[in-house]
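Engineer: Handing you this structure, nothing more for now.
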Amino acid sequence: MRNLKMHVAGAALCALSACALAPAAALAQPAPPAAAASGDDEGRGDNARATQLYRDGNEAFKQKRWSDAELLYLKAWALVRTFDIAANLGEVQIQLNKVRSAAAFLAFALRTAPPSTKPEQIARIRHFLDEAKAQVGTLRVRVKNVADAEVYVDGERVPEDAVKHELYVEPGEHTLVIRRAGYEDEVVRLVAAPGVTETVMPELKPKAVKAPETSAAGAKVPGAGGSKGAQGAAAAAKGEAKTKAPAAGARVEEQRSWVPVIALGAASAVGLGVAVGFTVASNDASADAHRYSDVLARANEQCIAPRGEFMETCTQTSDAASRAGTMGDLALGSYIVSAGLAIAAAAYAVWPNPQKSTETAVRVTPFGGSRTAGVIVAGAW
């Protein structure tokens, strides 16, 4: 843990000094391609807007309004990419526990810092980068025989310029896919550990030319004997499945048991508790999705083809929305199951107690006396 007083004082000093250097740094950075294509005036306008957003972000930084500072820095980054914006953005994201993204921004700031940067600024950036890397896994991908291979981490393509440098991933299991046209995909599964750097150096294999496939003749077909054997086994099983008829004349009076009522009622209560838990989880996930969507909306960003710095926010938005939908569906199903169990318990409790008779016999009894004789026929069904 850092000393809190030193951290706050250092953050304020960095914000003030960076704010003073922001106009020069922003104007020194080339304008984005779109601005350059539309003319110098628009490029200068982007620089001016980025400078103002950066200053506003520094004010939010000093007031510890981390979410507001992050949004302002992201807007400035979308216009002009400079080392000072990346440095402050990375530090803010550490405060917001977005360590993986923070490491990428801080690494960019360290790589692109101009020679005129003060040594204390370089030391501060390096300090926070080391702090971030201690909490994430670091990957270096170096393909031996191909220079322009595409790299995917857990299905997400890594930007071409980022592949040349270190990649940062959350601790845990990950799947890397290295791909290039004309070569077989190289799939690497690894477990990233905090503070550990792992170098992946695959060699892609050229795809082999496949010969036309021919169908094999003489495929063996199961014989009829097997079918007969199966039919015989089925018949035997059917014969064994015959149930015995109840004994004639037996009369059963069922005694009501309250165990099913208790069991069904308890299960209904448990189902209701589970449903409430899923509802709370769905509401929390929905709130997260709205919060991430608001960040994207305020940055005028969309997730159809997001820029690299917004890919994590888009992923978080999608995951939160998916989680909210899944939890909502589970909550609805739990409510239905709970209601069904409660109805079953009530129906069992109030349903009339039946009496069953299994007597299906006919009785013939002779009788006789001094003056009469005959038989009595009695039956029950």
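The values are calculated or read from the model by the stated rules, or taken from the named source; none is laboratory data. Bear in mind the structure is a predicted one, so any value in this text is a computation, not a measurement. Heads up, the Cβs are rebuilt from the backbone with ideal geometry, glycines too, and the neighbour counts pull from every protein chain shown. All accessible areas refer to the heavy atoms of the entire protein, side chains included, with ligands and DNA or RNA removed. Shrake-Rupley method; radii C 1.70, N 1.55, O 1.52, S 1.80 Å.
Engineer: So with the 1.4 Å probe, I'd like the accessible area per residue for the stretch 39-160, rounded to whole Å².
Structural biologist: Each residue of the stretch 39-160 exposes 45 Å² on average to a 1.4 Å probe.
Engineer: Here's a follow-up. Can you run phi through the Karplus equation (6.51, -1.76, 1.60; θ = phi - 60°) for the stretch 107-112 and list ³J(HN,Hα) in whole Hz, with x for Gly and Pro?
Structural biologist: 5, 4, 4, 5, 6, 9
Engineer: Show Val276, Val169 ordered by accessible area, largest first, where the area counts protein heavy atoms only and the probe is 1.4 Å.
Structural biologist: Details: Val276 70, Val169 10 Å².
Descending accessible area places them as Val276, Val169.
Engineer: Counting Lys and Arg as +1 and Asp and Glu as -1, what is the net charge of the other residues whose Cβ lies under 13 Å from the Cβ of Asn300?
Structural biologist: Every neighbour counted, the sum reads +2.
Engineer: Another question, then. For Val191, what accessible area in Å² do you get when you roll a 1.4 Å probe over the heavy atoms of the protein chains, rounding to the nearest 10?
Structural biologist: The value for Val191 is about 100 Å².
Engineer: Quote the accessible area belonging to Lys207 in square angstrom, nearest 10, computed with a 1.4 Å probe and with ligands, DNA and RNA left uncounted.
Structural biologist: Using a 1.4 Å probe on the heavy atoms, I get roughly 130 Å².
Engineer: Whenever you get a sec, line up Tyr168, Tyr183, Tyr73, Tyr335 from highest to lowest accessible area (probe 1.4 Å, protein heavy atoms). Display every interim value, and only then the final one.
Structural biologist: On the way: Tyr168 25, Tyr183 50, Tyr73 0, Tyr335 95 Å².
Final ranking, largest accessible area leading: Tyr335, Tyr183, Tyr168, Tyr73.
Engineer: Here's a follow-up. How would Leu53, Leu190 line up by accessible area, probe 1.4 Å, largest first?
Structural biologist: Ranked from most to least accessible, the order is Leu53, Leu190.
Engineer: Follow-up. Per-residue accessible area for Ile94 at 1.4 Å probe radius, Å² rounded to 10?
Structural biologist: 20 Å²
Engineer: Per 0.36 nm of contour for each residue apart, how much would the distance between Val209 and Ala339 grow if the chain were fully extended, relative to their Cα-Cα spacing?
Structural biologist: Computed gain between Val209 and Ala339 is 40.7 nm.
Engineer: Summing +1 for each Lys or Arg and -1 for each Asp or Glu, what net charge is found among the other residues whose Cβ lies under 13 Å from the Cβ of Pro194? Don't jump to the answer; show the numbers that get you there.
Structural biologist: Numbers: positive: Arg100, Lys133; negative: Asp130, Glu131, Glu170, Glu198.
So the environment of Pro194 carries a net charge of -2.
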